[in-house]
1. Listed highest first by mean packing, meaning other Cβ atoms within 10 Å per residue, what order do 89-97, 52-60 come in?
2. Which is farthest toward the positive dipole end of the chain among Ser54, Val86, Phe36, measuring Cα position about the Cα centre, with Cβ charges +1 (Lys, Arg) and -1 (Asp, Glu)?
3. Roughly how many percent of the accessible protein surface of the chain is carbon and sulfur, given a 1.4 Å probe and a whole-percent answer?
4. Assign one of three labels to segment 54-96, namely rounded, prolate or oblate, based on the Cα gyration tensor with a ≥ b ≥ c the square roots of its eigenvalues; rounded applies when a/c is under 1.5, prolate when it is not and a/b is larger than b/c, and oblate otherwise.
5. What nm value, rounded to one decimal, do you get for the distance between Arg102 and Asp34 when each label is placed 7 Å out toward the C-beta?
6. Pairing the Cα long axis of helix 6-26 with the longest principal axis of the chain, what angle in degrees results, from 0 to 90 and rounded to the nearest 10?
7. May I ask for the percentage of alpha-carbon pairs in segment 1-56 that lie more than 15 Å from each other?
8. Provide, in order from the shortest bin, the percent of all Cα-Cα pairs of the chain in each 10 Å bin, continuing until the bin that contains the maximum pair distance.
Amino acid sequence: MSQKTVSDALHIFYELNTALADGYWETNNIDNKDMFFAMKSMLQDELDELHKLSIQDHIYPYEPINPAVVRLSDKLRNLHTLLIDVALRPSTFQRLEDLIPRACELFEL
């Protein structure tokens, strides 16, 4: 596994944030809405911290800034096992199926 940069993390997190928002709006189940919203909020906190970095820092290896975002990895792995039941549109399912493992790789140091 190659070392991921801050730029790589931003790219993955932006895509994942959009996919989580789509999952939120597509589901009618309140528990699933809560799950998507909680993960999106945790991810947004990390994105907010990454936005504070200068553009020159985007070449450096990514390390989680917000300690709470590391817990997101477990939640994403759990969502990955539930995808077939909670991601209603095939396009959302496919994006989350692709993005979740990529995002989880970022948390493995």
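The values are calculated or read from the model by the stated rules, or taken from the named source; none is laboratory data. Fair warning: this is a prediction, and the values are worked out from it, not measured in the lab. Here Cβ is always computed from backbone atoms with ideal geometry, including for glycine, and neighbour counts include all displayed protein chains. With ligands, DNA and RNA removed, areas are computed over all heavy atoms of the protein, side chains included. Shrake-Rupley method; radii C 1.70, N 1.55, O 1.52, S 1.80 Å.
1. The peptides rank, most packed first, as 89-97, 52-60.
2. Of the candidates, Val86 comes out farthest on the positive side.
3. Working: 3410 of 6300 Å².
Roughly 54 percent, rounded to a whole number.
4. Numbers: a/c = 4.30, a/b = 1.92, b/c = 2.23.
Oblate, since a/c reaches 1.5 and b/c is not below a/b.
5. 3.1 nm
6. Computed tilt is about 20 degrees.
7. Percentage above 15 Å: 52.
8. Reading upward from the zero bin: 15, 50, 28, 7, 0.
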